[in-house]
Structure formats: structure tokens, C-alpha cells
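One structure is given here, and the rest of the page talks about it.
Derivation of every value follows stated rules applied to the coordinates shown; laboratory data play no part. In this text the structure is predicted, and so the values were computed from the model without any measurement. Don't worry about glycine lacking a Cβ; one is built from the backbone with ideal geometry, like all the others, and counts go over all protein chains shown.
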Amino acid sequence: MKNILCTSLLLLATVTAGMAQNAREIVKKSDDKRMGETSSITVMSMLIKRPTYERNLAFKSWSKGTEYAMTLVTDPVQEKGQTFLKRKKEMWNWNPRISRMIKLPPSMMSQGWMGSDFTNDDLLQESSIVRDYSHKILGEETIEGHPAYKIELIPTEEAAVVWGKLILWITKDEYIQMKSEYYDEDAYLVKTELAHDIQEMDGRMLPKRFEIIPADKPQQRTIVTIEKVTFNAPIEDAFFSQQNMKRLR
């Protein structure tokens, strides 16, 4: 009886460990697909919808691994030239209108970027959904006709992250992140991100549009459209510098 119990516990532990490993692998494949295995260069537009107004932005982003990210606002004219940089653990904002370089503290990562529902953390990728969270498959669901894994992400003890929990729906065939729910430290839903218009971009199937909806303000949303993306192009580390922030056009 004792041997049977030990064998059962060992089998359960093995299955659980395998599921945890599989969950992490699924999340990594999804993250690599949307961010690039080594780098990405993305041209995007953003529509910020509010009950009384709408606002449009255009920007270009460069990222390399988990250490480097740069974003340049290209439109509208009054915002053009603003640049945001993440270089390892430091984050900066250059505003050419006032010729001022501002260091962004970690406390600003949860704030909306440029008045949108897109956070500074979304933009600069300060936290990593692969490195900073543990992963667990909760089940399987169908999202917009796509069979998907439902995966829970809980931050590790040492991780300095914005969110208290994430739930991702990742398709089983193409590892596309179709839906994401973001929760605060008290497990309250803060926002939901939905992916739309799957099409081929730079040789891989990806959503062209993302819709971000705040839980407490469902009448407002931010819609991000990918206009062009290039994956795994060579980018030197030196590109991600404060000097280059001032030169980008």
C-alpha cells in the first residue's frame, strides 16, 4: 500500500512538473513569435478612444532581447520626436520640445503611455512574461474559432513586475496570444487585451490589431495596429543610447 501511494505521488509530481514545463514553453514560443527570437522593428499606429474624443498616434519601436527597447513617436506633429528608451534596468524619455531627458522610475511602469490604455511596461517590456512569472495551464478554450491553451502567470517572488497575475489564451496551432487578462496585486481585473485580424507578417502569422479595454471603464479602449514588422534584423547594442534618442527621426 505504501509503495502504491509513493508511486502515485511520484506520478502526480511528474505530470505536474511536465505541465508546468509545457506551460512555460508555450508562453515562450508565443513571446518569441510576437517579439522576435533576437530582435524586432515595428511600425504601429494607435487609436485612443474616449467617450468625448478620439486621439491618434503613430510610432516606431525597436527591441533586442529583454535588455533593450526604443520607441519613437512619429505623429502627431506636437508629439513627434518623443523617444522612450529601455537599456537594461534603466528607462528614459527624451522630449525634444523642451529639450529634456527624464529618467523613468519603476513606479511609472503601470501608468498609461501617452494617455492611452497601453502602459509604459507594455511599451518598454520592462518585465518578461517568460522570465518573471511561473506558468500553469488552467485548461483549454476556443477563442474566435481558435482552440487555445488558457495559462495562468503568477509573478515569482524576486520579480519586480506591474501585475499580480496574468491569464493568457494562446492558440494551439500558431502560438498566437489571442486574449490576455491583467490583474492587480489584489486579484482584481485591470484590463483585457484582445487580438484581431490574424495575417502573415514577415513570414509568421500574427494579429494585426490589438484592442485594450480597461475593466473599470469599458466604454473606452485603445486600439493598436501593426503597420509593418521585421523580425531578427541585426541591431547593435550601441543603437540603444541616450545620444541616439536625440537623433532618431
Query raised in the report: Which GluC sites (Glu not before Pro) from the range 21-97 combine a DSSP loop assignment with at most 13 other Cβ atoms within 10 Å?
Result: Glu37, Glu67
Query raised in the report: How far is helix 2-35 tilted off the main Cα axis of the chain, in degrees rounded to 10, range 0 to 90?
Result: 20 degrees
Query raised in the report: Residue-wise, which Karplus ³J(HN,Hα) couplings in Hz belong to the range 205-214, taking 6.51 cos²θ - 1.76 cosθ + 1.60, θ = phi - 60°, and x for glycine or proline?
Result: 7, 8, x, 7, 10, 10, 10, 10, 10, x
Query raised in the report: Residue-wise, which Karplus ³J(HN,Hα) couplings in Hz belong to the range 238-249, taking 6.51 cos²θ - 1.76 cosθ + 1.60, θ = phi - 60°, and x for glycine or proline?
Result: 5, 4, 8, 9, 5, 5, 6, 4, 7, 9, 4, 9
Requested in this report: Would you work out if the chain is rounded, prolate or oblate? Take a ≥ b ≥ c from the square roots of the eigenvalues of the alpha-carbon gyration tensor; rounded if a/c is under 1.5, else prolate when a/b is larger than b/c, oblate otherwise.
Outcome: prolate
Report task. Go through the range 123-156 and name the trypsin sites (Lys or Arg not before Pro) that are in a DSSP coil and have 16 or fewer other Cβ atoms within 10 Å of their Cβ. Result -> Arg131
Requested in this report: Name the most mobile residue of Thr66, Thr156, Thr74, meaning the one with the largest mean-square fluctuation, in a Gaussian network model of the chain with Cα contacts below 10 Å.
Outcome: Thr156
Query raised in the report: Arg97: net charge of surrounding residues, Cβ under 11 Å, Lys/Arg +1, Asp/Glu -1, itself excluded?
Result: +1
Query raised in the report: In nm, what is the difference between 0.36 nm times the number of residues separating Asp237 and Lys103 and their Cα-Cα distance?
Result: 46.3 nm
Query raised in the report: Hey, fewest Cβ within 10 Å first, where do Ser107, Ser63, Ser39 land in order?
Result: Ser107, Ser39, Ser63
Query raised in the report: Among Ile235, Ile176, which comes first, then next, by fewest other beta-carbon atoms within 10 Å?
Result: Ile235, Ile176
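From the helices alone, meaning DSSP H stretches of at least four residues, give me the mean residue ellipticity at 222 nm for the chain, per-run term -39500 (n - 2.57), in deg cm²/dmol to the nearest 500.
That calculation yields -6000 deg cm²/dmol at 222 nm.
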Query raised in the report: Hey, how many Å between the Cα centroid of the range 141-160 and the Cα centroid of the range 86-105?
Result: 32 Å
**Report entry** the range 56-123: trypsin sites (Lys or Arg not before Pro) in DSSP loop, at most 12 other beta carbons within 10 Å
**Finding:** Lys88, Lys89, Arg97
Report task. Kindly write out, for the range 132-142 in residue order, the coupling ³J(HN,Hα) from the Karplus curve 6.51 cos²θ - 1.76 cosθ + 1.60 (θ = phi - 60°), rounded to whole Hz, with x marking Gly and Pro. Result -> 9, 10, 8, 10, 8, 7, 8, x, 9, 9, 9
